[in-house]
Structures are given as structure tokens and as C-alpha cells.
Amino acid sequence: MPSVVARRISDILKPLVAAGLYKDERRALKDIVADYVQRKIDAYSTVILLMEQKYGKDFEVFSTDIGRRASASKEDDWMEWKAAITMKESWHQAFKKLLRTV
């Protein structure tokens, strides 16, 4: 017997299958999750790009430079930049695993 959550997910996906947008609920769910994950990757990529543009260098060079002359603002940017890199990689790994599922 499917759980309450599984039934609710199925109820949400059924109209997409009925409309002919997907061949089955599994494919619909996988596609929706893949789109969400890709959007997360894109969002973190944007943060990284903005930091690279702001400082005119990549994270590694910035990290070296900040050790010599760090301000509170640069430390905050370093933490945000580092978090964006870490999260982008985590979402990317999840995306690769998702794509390998049937």
C-alpha cells in the first residue's frame, strides 16, 4: 500500500501524464527534480561568476590574497563564494546520480 506522501505525489503528477506531457509519473518526477537541481546549479554558478567579476580573479587567487589583507567585507564574500562552490559541487554530484537512475 503506497504511503500518504507517495499518493500525494502521484496525485500531483497524474495530470501531467494525462495531458500527454510525460509517458509516466516516474519520468515526470525525474524531469521535474532534474529541472530543480539544474536551477540550483545555475544559481550557485551565478554567485561564483559575480564574485569572479567583482574581484577580477578566481577563488583560489582571491583566497591567497585575502590571507594577506582581509577586511570583514572580503571575509564575508570569501565565505559566500566558498559556500557557492561547495553547494554547486554537491548539487552537481546529485544531478549526475539522478541522471543515472532509470
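A few notes on this one:
- First in region 13-26 and small (Gly, Ala, Ser), second anywhere and surrounded by fewer than 17 Cβ atoms within 10 Å (Cβ to Cβ) and at pLDDT below 95, Cβ under 7 Å, 6 or more apart: none
- For region 70-95, a residue qualifies if it is of a type in the set (Val, Ile, Thr) and surrounded by 15 or more Cβ atoms within 10 Å (Cβ to Cβ), and exactly one does: Ile85.
- Residue count for region 51-86 under the criterion of being within 19 Å of Ile41 (Cα to Cα), in contact (Cβ under 8 Å) with a residue 12 or more places away in the chain and β-branched (Val, Ile, Thr): the result is 1.
The values are calculated or read from the model by the stated rules, or taken from the named source; none is laboratory data. Only a predicted model underlies this, so the values are computations on that prediction, with no experimental measurement involved. Here Cβ is always computed from backbone atoms with ideal geometry, including for glycine, and neighbour counts include all displayed protein chains.
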